[in-house]
Amino acid sequence: MHQLTLAEIARGLADKKFSSEELTKVLLARIAQLDPQLNSFISLTEELALSQAKAADTRRANGESGALLGAPIAHKDLFCTQGIRTSCGSKMLDNFKAPYDATVVAKLAAAGAVTLGKTNMDEFAMGSANESSYYGAVKNPWNLEHVPGGSSGGSAAAVAARLLPAATGTDTGGSIRQPAALTNLTGLKPTYGRVSRWGMIAYASSLDQGGPLARTAEDCAILLQGMAGFDPNDSTSIDEPVPDYSASLNGSLQGLRIGVPKEYFSAGLDPRIAELIHNSVKELEKLGAVIKEISLPNMQHAIPAYYVIAPAEASSNLSRFDGVRFGHRCENPVNLIDLYKRSRGEGFGPEVQRRIMVGAYALSAGYYDAYYLKAQKIRRLIKNDFMAAFNEVDIILGPTTPNPAWKLGAKNSDPVAAYLEDVYTITANLAGLPGLSMPAGFVDGLPVGVQLLAPYFQEGRLLNVAHQYQLNTDWHTRTPTGF
């Protein structure tokens, strides 16, 4: 039962081959047995899951149907869930129980999804390895000595290890697509504004976007259908009709114009990954796609621009965690300044402190114009590059990451080395574009992903390309040994 995809679960429930309650019990037992190896969950919600499963079975018995009705999922632990700890992977929020559900949580619950728990993550979504969590590092099920990627590494590891069929994640600079690539999953970052950010604890407000992690493009289409849509509670939500993502999966790729940026194949890319990306291109050519070399000339400036903008927004967003209103509070402060200093010093880990300091510096008087304003101008140039490219092609293709998953702790003493792993993903966040990573092969037994980018609100096109590719390849069906 644990090998079933979301689509297969929907069919099995509809055909009464098993009940949601039976499936939920099987997966909860599997999590209890196997997750100690992975550390992919922060909180399990067995009682809630079983009550939701029973309710879903009752709804089906009364004639209701739906792809998510009775389907087990988990949420990255920065989506607020009413009455349940929402920690953001931080000591700062270790004691915080959200008083309401995030819009994404509420929408999926209304569709009948069953919440098994909250998944581990880099603290406040800051990281590329899922090693900065207060609750410890997450292990990659493909090799327990390696990272699963971050910051949605808990969701990725849990789905890759077949602890559940799909999970939510968030992507600020590649935090859905990068762990998807490193754990052999399909992960989708929607267009900025497509999925509500209300109740999603913010890291960088102009970059954050929620999205699905699953084994197949078909499953991502099902989960995105439940997540997407306009939300009046979110001022960044865009009132754009949500298409039927599953309906467009089977469209032909004949004549589809795919652009491959020459800047992607620089010295920083592992040549074995480059070979797998070229193999993916050949596979799509067989399906009728037309390949064209393109250029994204300002890509080289993306990492410095991102690592000014994101920390600047983080320093502002995280200023609310001061020991006064909610979250961690230090013991016996002598005065207000001592309360602020010690609460924040104790509550935030080293990576979060580093980014707050960088962001506060970039926004300070005398440096705002030199750093933050210049980074925003570069952001516009990157967006313009994409707009020019999409006048020539329908989809942009390249590697998701420059390297396969690295060993736990390998980059801890050099944060910049970890930041460079985001080189191919952050441009989509800076421009607000939708992006998808799908399995493309293995290097030294570790998964590799290929990334697809599309114009705004063309998630359906990304899912269509990925689905057609997956009908003709079997990388996405491979299971890590022992799981």
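Taking 20 Å as the cut-off for C-alpha to C-alpha distance, list the pairs among LYS262/LYS292; LYS25/LYS54; LYS189/LYS262; LYS54/LYS76; LYS97/LYS139; LYS76/LYS107 that go past it. Mind showing how you got there, number by number?
Details: LYS262/LYS292 10 Å; LYS25/LYS54 11 Å; LYS189/LYS262 23 Å; LYS54/LYS76 23 Å; LYS97/LYS139 26 Å; LYS76/LYS107 15 Å.
Too far apart for the 20 Å limit: LYS189/LYS262; LYS54/LYS76; LYS97/LYS139.
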Computed over the chain: relative contact order in percent, which uses C-alpha pairs under 8 Å that are six or more apart: 18 percent
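Go ahead and run the numbers for FRET between GLU331 and ARG354, Cβ-Cβ distance against an R0 of 22 Å, rounding to 0.05. Working shown, then result.
On the way: r = 25 Å, r/R0 = 1.13.
Efficiency at R0 = 22 Å is approximately 0.30.
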query: Cα centroid distance between the range 434-451 and the range 403-428, in Å?
result: 15 Å
query: Are there GluC sites (Glu not before Pro) in the range 318-399 that DSSP marks as loop and that have at most 13 other Cβ atoms within 10 Å, and which are they?
result: GLU331, GLU392
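Please work out the FRET efficiency for the pair ALA14 and GLN37, using the Cβ-Cβ distance as r and a Förster radius of 41 Å; give the result to the nearest 0.05. Before the final figure, lay out the partial values.
Numbers: r = 33 Å, r/R0 = 0.81.
My answer for the efficiency is 0.75.
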statement: The ³J(HN,Hα) series, computed from each phi in the range 151-167 with the Karplus coefficients 6.51, -1.76 and 1.60 at θ = phi - 60°, rounded to the nearest Hz and given as x for glycine or proline, is 8, 8, x, x, 4, 5, 5, 5, 6, 4, 7, 6, 7, 6, x, 7, 8
- prompt: So how much slack lies between SER252 and GLU346, counting 0.36 nm per residue of separation and subtracting their Cα-Cα distance, in nm?
  reply: 28.4 nm
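Going by the alpha-carbon gyration tensor, a ≥ b ≥ c the square roots of its eigenvalues, is the range 85-191 rounded (a/c under 1.5) or, if a/c is not under 1.5, prolate (a/b greater than b/c) versus oblate? Numbers along the way, then the final one.
Values: a/c = 1.62, a/b = 1.20, b/c = 1.35.
Cα axes put the range 85-191 in the oblate bin.
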- prompt: What residues qualify as long-range amide H neighbours of CYS330, i.e. H under 5 Å apart, gap of 5 or more or another chain, H built at 1.01 Å from N?
  reply: SER343
- prompt: Amide H to amide H, which residues 5 or more places from VAL290 or on other chains are under 5 Å from it, using H placed in the peptide plane?
  reply: GLY255, LEU256, ARG257, ILE258
query: According to a simple spin-label model (label point 7 Å from Cα along Cα-to-Cβ), what is the distance in nm between SER51 and ALA410?
result: 4.5 nm
query: Counting only protein heavy atoms and using a 1.4 Å probe, what share of the accessible area of the range 249-337 belongs to carbon plus sulfur, as a whole percent?
result: 52 percent
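Report the semi-axes of the equivalent ellipsoid for the chain in whole Å, largest first, where each axis is √(5λ) for an eigenvalue λ of the Cα gyration tensor. If you can, show how the numbers build up before the last one.
Values: eigenvalues 189, 174, 84 Å².
One finds semi-axes of 31, 29, 20 Å for the chain.
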query: Mind listing the phi-derived Karplus ³J(HN,Hα) values for the range 245-255, rounded to whole Hz, using 6.51, -1.76 and 1.60 with θ = phi - 60°, and x for any glycine or proline?
result: 5, 5, 5, 9, 5, 9, x, 6, 9, 4, x
statement: Which residues qualify? For VAL114, with a placed amide H closer than 5 Å and at least 5 residues away or on another chain, they are GLY70, ALA71, ILE73
query: Residue by residue, what Karplus-based ³J(HN,Hα) values in Hz, rounded to whole numbers, does the range 397-413 have, using 6.51, -1.76 and 1.60 with θ = phi - 60° and x for Gly and Pro?
result: 10, x, x, 7, 9, x, 9, x, 4, 9, 6, 4, x, 5, 10, 5, 8
query: Carbon and sulfur atoms: what percent of the 1.4 Å accessible area of the range 360-447 do they account for?
result: 55 percent
Debye intensity ratio I(q)/I(0), log10, the range 324-483, q values 0.08, 0.13, 0.17, 0.19 Å⁻¹ (C-alpha model): -0.41, -0.91, -1.14, -1.22
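For the range 1-157, give the percent of accessible area contributed by carbon and sulfur heavy atoms, probe 1.4 Å, rounded to a whole number. Write down the numbers at each step before the final one.
Numbers: 2740 of 5440 Å².
Here carbon and sulfur together make up 50 percent of the probe-accessible area.
With the other protein chains left in place, how much accessible area per residue, in square angstrom, belongs to the range 428-469 at a 1.4 angstrom probe?
Details: 660 Å² over 42 residues.
Accessible area per residue, the range 428-469: 16 Å².
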- request: Please work out how much length the chain gains when fully extended from VAL281 to GLU240, using 0.36 nm per residue of separation minus the C-alpha to C-alpha distance, in nm with one decimal.
  value: 11.6 nm
message: Rolling a 1.4 Å sphere over the protein heavy atoms, what is the accessible area per residue of the range 146-270, to the nearest Å²?
response: 23 Å²
- line: All alpha-carbon distances of the range 1-88, grouped into 10 Å bins from 0, give the whole-percent distribution 16, 45, 32, 7, 0
message: If you average the alpha carbon positions of the range 1-71 and of the range 288-360, how far apart do those two centres end up, in angstrom?
response: 36 Å
task: If a/c stays under 1.5 just call it rounded; otherwise compare a/b with b/c (prolate if a/b is bigger, oblate if not). Do that for the range 54-139, with a ≥ b ≥ c from the square roots of the Cα gyration tensor eigenvalues.
output: prolate
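On alpha-carbon atoms, Rg over Rh for the range 190-305 using Kirkwood Rh? It would help to have the intermediate numbers written out before the result.
Working: Rg = 17.7 Å, Rh = 17.3 Å.
For the range 190-305, the value is 1.02.
Where a ≥ b ≥ c are the square roots of the eigenvalues of the C-alpha gyration tensor, would you call the range 252-368 rounded, which needs a/c under 1.5, or, failing that, prolate if a/b is larger than b/c, or oblate?
Numbers: a/c = 3.66, a/b = 2.89, b/c = 1.27.
Note, shape of the range 252-368 comes out prolate.
Do you know the relative contact order of the range 188-327, to the nearest whole percent, from alpha carbon pairs under 8 angstrom that are 6+ apart?
Here the relative contact order equals 25 percent.
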- request: Would you mind computing the Rg to Rh ratio of the range 1-151 from its alpha-carbon coordinates, Kirkwood style for Rh?
  value: 0.99
- request: Please report, largest first and rounded to whole Å, the three semi-axes of the ellipsoid equivalent to the range 287-353, where each semi-axis is the square root of five times an eigenvalue of the C-alpha gyration tensor.
  value: 44, 13, 9
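The values are calculated or read from the model by the stated rules, or taken from the named source; none is laboratory data. As the structure is a computational prediction, the values presented were derived from the model and not from experiment. FYI the Cβ positions are ideal-geometry reconstructions off the backbone, even for glycines, and counts take in every protein chain you see. Calculation scope for accessible area: heavy atoms of the full protein, side chains included, ligands and nucleic acids excluded. Shrake-Rupley method; radii C 1.70, N 1.55, O 1.52, S 1.80 Å.
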